[in-house]
């Protein structure tokens with residue numbers, strides 16, 4: 001489980017001391033800590049803040065820390081944080097088991113000169129070399145979706161033997177081979193890794209032939225490439241274009257002696273990617289929890305607002321009803337003050353007005369035949 005930054009603690013620290021003193025505790029520079037605070041949505045003191053403190057001048061108080069509204073993944077400390085081990089994948093028990101297995105001399109992957117039984121994928125790749133195409137460096141690659149091999153003709157047999165030994169060793173260890181978008185991929189711990197065998201080339205400036213020089217001298221069109229690529233005679237075996245591990249021929253060791261090391265590198269890459277996926281899933285789960293909580297709070301808030309709106313409307317109707325009743329009483333009182341009381345017409349009006357006040361009053365049940373109708377006018 002990756003650790004999260006304590007936003008409250010960091011806020012207290014950067015408002016208690018200058019950033020240059022706080023930054024080393026987090027293994028960051030001043031600028032790095034400022035960027036971290038920006039990502040974590042933590043307000044930092046303005047420029048000149050500590051100069052004002054030193055001079056005894058008034059300064060703004062420490063602001064309140066608002067709820068984090070960004071990507072929850074930003075709250076996690078990075079894998080290479082000084083607070084964690086320098087090699088996080090090495091702490092994984094699965095990786096330790098793989099290292100122990102691959103370092104056992106009894107499990108050494110051996111590339112034999114004479115192959116008795118070819119793996120079906122390697123056999124298919126070997127057959128695919130009958131119809132080849134050249135890559136941008138002039139190396140032949142097999143046509144189709146077999147194993148990714150790009151080597152010169154002189155290194156082809158060796159590359160196929162390497163592929164055969166490695167593929168069989170991976171299957172024996174329980175790793176699955178799957179057909180990828182272009183080439184075969186190895187599945188480790190649910191993570192797919194590409195596998196390729198390549199022969200590096202040596203680049204040199206292109207030297208035109210005498211015929212090409214003569215053609216150019218006579219004004220005839222002639223295309224000259226800028227560089228010439230010469231096969232180096234050495235092989236490299238890569239996983240995930242080298243990100244998942246790479247072994248290569250050297251003056252001291254050939255790739256045939258490093259296949260177990262490649263398996264360890266591939267397993268390490270797969271576990272790191274798996275860890276990243278798990279952390280991303282954890283962050284997404286946290287985001288979804290926050291979203292559902294926010295939706296629930298929004299629903300409660302909307303319900304409360306609806307009740308408040310209804311309350312205000314009822315209070316307003318009650319107030320209007322009271323105002324109408326007071327007015328009607330005043331009209332009736334005025335009719336007695338000026339004469340013998342209200343006329344029949346005025347009495348009808350007063351009864352009508354009091355009925356409307358009762359209809360408006362939410363505390364009185366007084367339906368109105370006309371006002372309660374829902375009239376829909378057809379088009």
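The values are calculated or read from the model by the stated rules, or taken from the named source; none is laboratory data. From a predicted model like this one, the values you see are computed outputs, not experimental measurements. Please note: Cβ atoms are built from the backbone with ideal geometry, for glycine as well, and neighbour counts cover all protein chains shown.
Evaluate the stretch 207-224: report whether one residue or more is within 24 Å of residue 134 (Cα to Cα), surrounded by 15 or more Cβ atoms within 10 Å (Cβ to Cβ) and in contact (Cβ under 8 Å) with a residue 60 or more places away in the chain. Scanning the stretch 207-224 turns up no residue that is within 24 Å of residue 134 (Cα to Cα), surrounded by 15 or more Cβ atoms within 10 Å (Cβ to Cβ) and in contact (Cβ under 8 Å) with a residue 60 or more places away in the chain. Annotation note: of 60, 43, the sole residue that is farther than 30 Å from residue 282 by Cβ, modelled with pLDDT of 85 or more and part of a loop (DSSP other than H, G, I, E, B) is 60.
Does residue 267 satisfy being in the same structural domain as residue 110 (by TED's automatic domain parsing) and modelled with pLDDT under 95? Against the criterion (in the same structural domain as residue 110 (by TED's automatic domain parsing) and modelled with pLDDT under 95), residue 267 qualifies.
The set of residues in the stretch 225-247 being in contact (Cβ under 8 Å) with a residue 40 or more places away in the chain and buried (at least 17 other Cβ atoms within 10 Å of the Cβ) consists of 229, 231, 235, 237, 238, 239, 240, 244. I'd like to check something: does the stretch 123-145 contain any residue that is crowded, with 19+ Cβ neighbours inside 10 Å, at pLDDT 85 or above and within 23 Å of residue 231 (Cα to Cα)? Yes, the stretch 123-145 contains at least one residue that is crowded, with 19+ Cβ neighbours inside 10 Å, at pLDDT 85 or above and within 23 Å of residue 231 (Cα to Cα). Within this structure, residue 270 passes the test of being more than 30 Å from residue 359 (Cβ to Cβ) and in contact with a strand residue (DSSP E or B) (Cβ under 6 Å, 6 or more places away or on another chain). Checked against (1) surrounded by 14 or more Cβ atoms within 10 Å (Cβ to Cβ); (2) over 16 Å from residue 235 (Cβ atoms); (3) at pLDDT below 85, residue 171 passes all but a single condition, namely (3).
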